[in-house]
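Worksheet: the structure to be examined is printed underneath.
The values are calculated or read from the model by the stated rules, or taken from the named source; none is laboratory data. The shown structure was predicted, so the numbers you read here are calculated from the model rather than taken from an experiment. Cβ placement follows ideal geometry from the backbone for every residue including glycine, while neighbour counts extend to all protein chains displayed.
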């Protein structure tokens, strides 16, 4: 049975709006948030469309969790402290079971990132989820794309290519052993924004970006913003056990270089700075421009929305 | 010819991101904004879907302008100072002519509200526009829905019902004289968020809301949040010349009471406080609950998205 917009918002999401920085949450014309003295606001917006950014049969819990993670990943890439988020949800119908499951995924992400849901809008239409994240940064620091210097090391967190491999599984193009399937689908559906790592890198890294469009494409943004070349060594790319031994090295490398949706961080550290645990050196910053991985692969082979 | 996401954003929107409070605009993982000392952040999000919130043949300029106005109207209703906004744009195709026209409408709203466009996301899918607005409020003040007291006057800005009447014109249900048609379509397509009025009311009004779902519905939110009854006198409703004389008084009254999309403000002032210019007394706050307009009309007859 259709329920009104206001009932929707209150029933499923109103418990998710409490947070340290929240003066006023869902229920008035705006939410009100407080920054600490000496802080600035960091904000980003991320949209996911059914059939474009996730398959139509994705579980609603995963759709909700993943949409928040993708947006929160931009806070991680700036080194920002999460303050809160808003959710613009366009739905073909007010299906209460779907909404309940979706809100469970949102709730899991709210808890993981300490990112209360302070406002939203629900509209009728094709399934589209837009998450706007709000975070805090010190007045004098941020992880930008533009600070990489020749001689810096290029690092990535976690392992790369898992989400692209998961899409190959979902598309029926590849069938690894069942436990690897489970791992890969979890990597696609439940990516973790590297919030803690981003905050740790603030003041250490010379440049950073999150890997949403593929390493080559995203490293290309650092190169362009920094006026430098990023040389990536394919042999150094961190691969999960799922990608080692169950497919060709060439296929694994391609996923790791060009596959999007991993939401790991790519960052540069000046010589002598130790990388945080769980991060891997994958290349060097050099004078020049663009990204060079020594392979005949277009530097911007990552996901293009148009 | 399709253009990449990044080209899209930069070509059409990158000139709109400059503003006093903007430390970093479009082009990194997040935008960075500064609040003044002693200020808090106000934020709201608003989505418009083609065929639901505007007819499919609406000019792209108007779609852009109206989407920003609808979102900015929530800043007005809080009394907030505009800081910036982000835009999540879902498009069926990267039509450059459409984008050019759409960006002209966005640019007009950016200039009118001093609301720079600091971030965005473009995705492929059915036309959906989500605008997230960011504003600043003093640490100790905001125009909330919950402060109306028995004895306060209830006021509205401008005239009511024009946008609903425009929809009747667009649906071919009503044909007023041509100059009135022009006026009404402009009211629907180019609504003005009452930013200056909202800031003027900060510290004067006991409660406020913007009229997006219809006066009865929105006054109902003030009543519910304030624990009071709002008595509306239909005879006092401000009607434009288009609605006086060209349709029945009953029809005009119905549009003014239940029609959404006017984006005027409804607010309450304590006895003895003079209303700002251009505002009209339409009723009183009484002990009780709900909204009473003395007519057999459901209090929540406003627009329901589901």
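Can we say residue B:142 is more than 21 Å from residue B:240 (Cα to Cα), in a loop (DSSP other than H, G, I, E, B), in contact with a helix residue (DSSP H, G or I) (Cβ under 7 Å, 6 or more places away or on another chain) and more than 12 Å from every other protein chain (Cβ to nearest Cβ)?
Against the criterion (more than 21 Å from residue B:240 (Cα to Cα), in a loop (DSSP other than H, G, I, E, B), in contact with a helix residue (DSSP H, G or I) (Cβ under 7 Å, 6 or more places away or on another chain) and more than 12 Å from every other protein chain (Cβ to nearest Cβ)), residue B:142 does not qualify.
Among the residues of segment B:264-272, is there at least one that is in contact with a strand residue (DSSP E or B) (Cβ under 6 Å, 6 or more places away or on another chain) and assigned to a helix (DSSP H, G or I)?
no
What number goes with the only condition from (1) within 30 Å of residue A:215 (Cβ to Cβ); (2) within 13 Å of chain B (Cβ to nearest Cβ); (3) in contact (Cβ under 8 Å) with a residue 12 or more places away in the chain that residue A:149 does not pass?
For residue A:149, the failing item is (2).
What about residue B:67, is it more than 8 Å from chain A (Cβ to nearest Cβ) and without any contact (Cβ under 8 Å) to a residue 40 or more places away in the chain?
no
Among the residues of segment B:10-23, write down those that are within 11 Å of another protein chain (Cβ to nearest Cβ) and either surrounded by fewer than 20 Cβ atoms within 10 Å (Cβ to Cβ) or in a strand (DSSP E or B) (or both).
B:22, B:23
Could you check, for segment A:94-101, whether at least one of its residues is surrounded by 24 or more Cβ atoms within 10 Å (Cβ to Cβ) and assigned to a loop (DSSP other than H, G, I, E, B)?
No, because not a single residue in segment A:94-101 is surrounded by 24 or more Cβ atoms within 10 Å (Cβ to Cβ) and assigned to a loop (DSSP other than H, G, I, E, B).
Is there a residue being modelled with pLDDT under 95 and over 18 Å from residue A:289 (Cβ atoms) anywhere in segment A:221-238?
no
Here's the yes/no breakdown for (1) without any contact (Cβ under 8 Å) to a residue 12 or more places away in the chain; (2) farther than 23 Å from residue A:52 by Cβ; (3) not assigned by TED's automatic domain parsing to the domain that holds residue A:219:
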position	(1), (2), (3)
A:97	yes, yes, yes
A:100	no, yes, yes
A:103	no, no, yes
A:118	no, yes, yes
A:126	no, no, yes
A:133	no, no, yes
A:144	no, yes, yes
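Can you tell me which residues in segment B:119-130 are more than 7 Å from chain A (Cβ to nearest Cβ) and either under 26 Å from residue B:37 (Cα atoms) or not in a strand (DSSP E or B) (or both)?
B:127
Taking segment B:157-177 as the region of interest, how many residues are out of contact with any helix residue (DSSP H, G or I) (no Cβ under 7 Å at 6 or more places or on another chain) and farther than 20 Å from residue B:55 by Cα?
3
Listed residues B:107, B:77; which is assigned to a helix (DSSP H, G or I) and within 8 Å of another protein chain (Cβ to nearest Cβ)?
Answer to the selection: B:77.
Provide a single number: the residues in segment B:80-93 that are more than 7 Å from chain A (Cβ to nearest Cβ) and either in a strand (DSSP E or B) or touching a residue at least 60 places away in the same chain (Cβ under 8 Å) (or both).
9
With the requirement that a residue be more than 7 Å from chain A (Cβ to nearest Cβ) and either within 23 Å of the chain's Cα centre (by Cα) or within 16 Å of residue A:35 (Cα to Cα) (or both), what does segment B:24-48 give you?
The answer is B:36, B:37, B:38, B:39, B:48.
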